[in-house]
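J.: Take a look at this one; I'll ask things after.
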Amino acid sequence: MLYSLGPALLSGGLVGFSLGLIGGGGSILATPLLLYVVGVAQPHIAIGTSALAVSVNAFANLVGHARSGNVRWRCAIVFAAVGTLGALAGSTLGKLVDGQRLLFLFGLLMLVVGALMLRPRREAAAPERPANLHTCLVTAAIAFVAGIASGFFGIGGGFLIVPALILATGMPMINAIGSSLLAVGSFGLATALNYAASGLVDWPIAFEFIAGGVIGGILGMLLANRLSSGKNTLNRIFAGLIFVVAAYVLYRSAGAFLH
């Protein structure tokens, strides 16, 4: 089925711009944009396509953080490897759920993401723990749960992964953000491949969405450098946008639970 590619480019640009500007939460908008702006008819195709776009954007951002020394590779690899197994399990389960029911649950998740974005980010109070066997086991357990959620909803899951890494390892916020990108990319890729195996990825739309995301991400980062003192205000505004979109998603998909 063919869709107009212009809205896909613009929608991808909006997601990339938000990620570059405030550093998280933007990917939660990918699926609603694909459904209600681009015009993708099937929720599962929107989820599979957005998972691929989120994966590519995460890997692209990982390069910059790696060059800056922000990635704790041992913990990042353990988290990504174990969490990817969870993402495969979660995405397999997600494909079995009715599309409209899945969207309703997605809308509820958006409310949670919006609420979390209103909370200020804080550095870990405890000192960073050594990357020993105990730390890796705790990291692996948390990663599996985060991977299931990421795969089930077809999201990047950065809002889950960053606090999970801090909880498991005590690493500073900037390292948790950098390290999370390996997991976000891996989870998204696993989910996208699982959906693609069932023919649930629209490749032209995905590439258009990714291209828009790259351009939007660059613009977002440039603006973020100028508005660094106003990040909290930007977070509140974006959280408000997520609440509005969540309400619309819940309104459109509520019928699946009423019939």
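J.: In whole Hz and in residue order, list the ³J(HN,Hα) couplings for the stretch 237-254 that follow from phi through the Karplus curve 6.51 cos²θ - 1.76 cosθ + 1.60, θ = phi - 60°; x for Gly and Pro.
T.: 5, 5, 4, x, 4, 4, 4, 5, 5, 4, 4, 5, 4, 5, 5, 6, 9, 4
J.: For residue 72, which sequence-distant residues (separation of 5 or more, or a different chain) have an amide H within less than 5 Å of its own amide H, given hydrogens modelled in the peptide plane?
T.: Excluding prolines and chain starts, which carry no amide H, the hits are 179.
J.: Here's a follow-up. Under 5 Å between amide H atoms, partner at least 5 residues away or on a different chain: which partners does residue 170 have, H built in plane at 1.01 Å?
T.: 129
J.: Additional query: Enumerate the residues in the stretch 137-181 having an amide nitrogen under 12 Å from the point lying 7 Å beyond the Cα of residue 74 toward its Cβ.
T.: Flagged as within label range: 137.
J.: Let me ask something else about it. Using the Cβ atoms and a cut-off under 11 Å, what net charge is assigned to the surroundings of residue 179, where Lys and Arg are +1 and Asp and Glu are -1?
T.: Surrounding charge for residue 179 is +2.
J.: Taking 41 Å as R0, compute the FRET efficiency from the Cβ-Cβ separation of residue 93 and residue 226 and round it to 0.05.
T.: According to the calculation, E is roughly 0.45.
J.: Can you run phi through the Karplus equation (6.51, -1.76, 1.60; θ = phi - 60°) for the stretch 71-83 and list ³J(HN,Hα) in whole Hz, with x for Gly and Pro?
T.: Result, ordered by residue: 9, 8, 4, 4, 5, 5, 5, 4, 4, 5, 5, 6, x Hz.
J.: Scan around residue 202 for amide H atoms under 5 Å from its own, H built in the peptide plane at 1.01 Å from N, and keep only partners 5 or more places away or cross-chain.
T.: 49
J.: Each residue of the stretch 136-148 in turn: what ³J(HN,Hα) in whole Hz from Karplus with 6.51, -1.76, 1.60 and θ = phi - 60°, glycine and Pro shown as x?
T.: Each residue of the stretch 136-148 in turn: 5, 5, 5, 4, 5, 5, 5, 4, 4, 5, 5, x, 4 Hz.
Every number here is computed from the coordinates shown, using simple stated rules; none is lab data. Please read all numbers here as calculations on a predicted model, not as lab measurements. Cβ coordinates were reconstructed from backbone atoms using ideal geometry, including for glycine residues, and neighbour counts include every protein chain displayed.
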